[in-house]
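Participant: My questions will all concern the structure given below.
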Amino acid sequence: MTSPPRPNSVPLRLKVDPLFRPCEAREGDEFYPNGLFEFNITRLLNHIVAVSRFQAELVGLRDMPYAGTGANLNELTIGTADLSRPVILAEIAPGQYNLIDGHHRAARARREGIQSIPAYRVPCPEHVAFLTSSRAYVTYIEYWNSKIDDLLGSRRSRRGGRSAYPRPTASQNIMQRTSS
């Protein structure tokens, strides 16, 4: 899912924090596995509620093309999904958000012809603290930075070899999250 570009800001490169600790799993926690990148959804949702700066917004299902379409979804859970509960969208590349919690809700909304559902958008690097392994953390940092490089490279090529945005300074390069 893509949101409008941020014209006056350049997403910052992330730096690996040597003190990063994977998000601890507690009994009963819910996880979102996406290959190597597994997020602790329970702890992320607790964080969203605790910091109270996140506001749920209505997001169109057309902006989440694959949300709620997986073959592994439980039919009973789809039928009882609470559509008033916001889903969670994580920024996985600059300006691009993917659903990491709420596939059953999205599936129910699609089946009922509902066009949009409430969602929390969690920007990078805020959700990175909820990765469940150090390997996933380091790989995610590399992935994010490659997307920044792609973005800066495309801006450079459109302007005849010069970037429309300056490279981040050393002080801007330091964006670290350890845990919440």
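The values are calculated or read from the model by the stated rules, or taken from the named source; none is laboratory data. Values in this document were obtained by computation on a predicted structure and should not be read as measured data. As a convention, Cβ positions derive from the backbone with ideal geometry for all residues, glycine included, and neighbour counts pool all protein chains shown.
Participant: Among (1) more than 17 Å from the chain's Cα centre (by Cα); (2) in a strand (DSSP E or B); (3) of a type outside the set (Val, Ile, Thr), there is one condition ASN98 misses while meeting the rest; what is its number?
Facilitator: Tallying (1) more than 17 Å from the chain's Cα centre (by Cα); (2) in a strand (DSSP E or B); (3) of a type outside the set (Val, Ile, Thr), ASN98 fails exactly one: (1).
Participant: Determine which single condition PRO125 fails, assuming it passes every other condition in (1) surrounded by 22 or more Cβ atoms within 10 Å (Cβ to Cβ); (2) touching a residue at least 40 places away in the same chain (Cβ under 8 Å).
Facilitator: The single condition PRO125 does not satisfy is (1).
Participant: Please find, within the stretch 132-172, the residue that is farthest from ASP29 (Cα to Cα) out of those that are at pLDDT below 85, part of a helix (DSSP H, G or I) and charged (D, E, K, R).
Facilitator: So, considering only residues that are at pLDDT below 85, part of a helix (DSSP H, G or I) and charged (D, E, K, R), the one farthest from ASP29 (Cα to Cα) is ARG158.
Participant: Restricting attention to the stretch 73-82, does a residue exist that is surrounded by fewer than 21 Cβ atoms within 10 Å (Cβ to Cβ), of a type in the set (A, V, I, L, M), within 28 Å of SER146 (Cβ to Cβ) and touching a Lys or Arg at 6+ places or on another chain (Cβ under 8 Å)?
Facilitator: Within the stretch 73-82, not a single residue is surrounded by fewer than 21 Cβ atoms within 10 Å (Cβ to Cβ), of a type in the set (A, V, I, L, M), within 28 Å of SER146 (Cβ to Cβ) and touching a Lys or Arg at 6+ places or on another chain (Cβ under 8 Å).
Participant: Can you give me the number of residues within the stretch 93-124 that are touching a helix residue (DSSP H, G or I) at 6+ places or on another chain (Cβ under 8 Å) and within 21 Å of PHE20 (Cα to Cα)?
Facilitator: 3
Participant: Continuing with the same structure: List pairs: first in the stretch 45-56 and farther than 11 Å from GLU126 by Cα, second of a type in the set (A, V, I, L, M, F, W, C) and modelled with pLDDT of 95 or more, Cβ under 8 Å, 6+ apart or cross-chain?
Facilitator: LEU45/ILE88; PHE54/ILE48; PHE54/VAL122; ALA56/ALA119
Participant: Taking the condition under 29 Å from ARG135 (Cβ atoms) and in contact with a Gly (Cβ under 9 Å, 6 or more places away or on another chain), does VAL51 pass?
Facilitator: Numbers: under 29 Å from ARG135 (Cβ atoms): yes; in contact with a Gly (Cβ under 9 Å, 6 or more places away or on another chain): no.
No.
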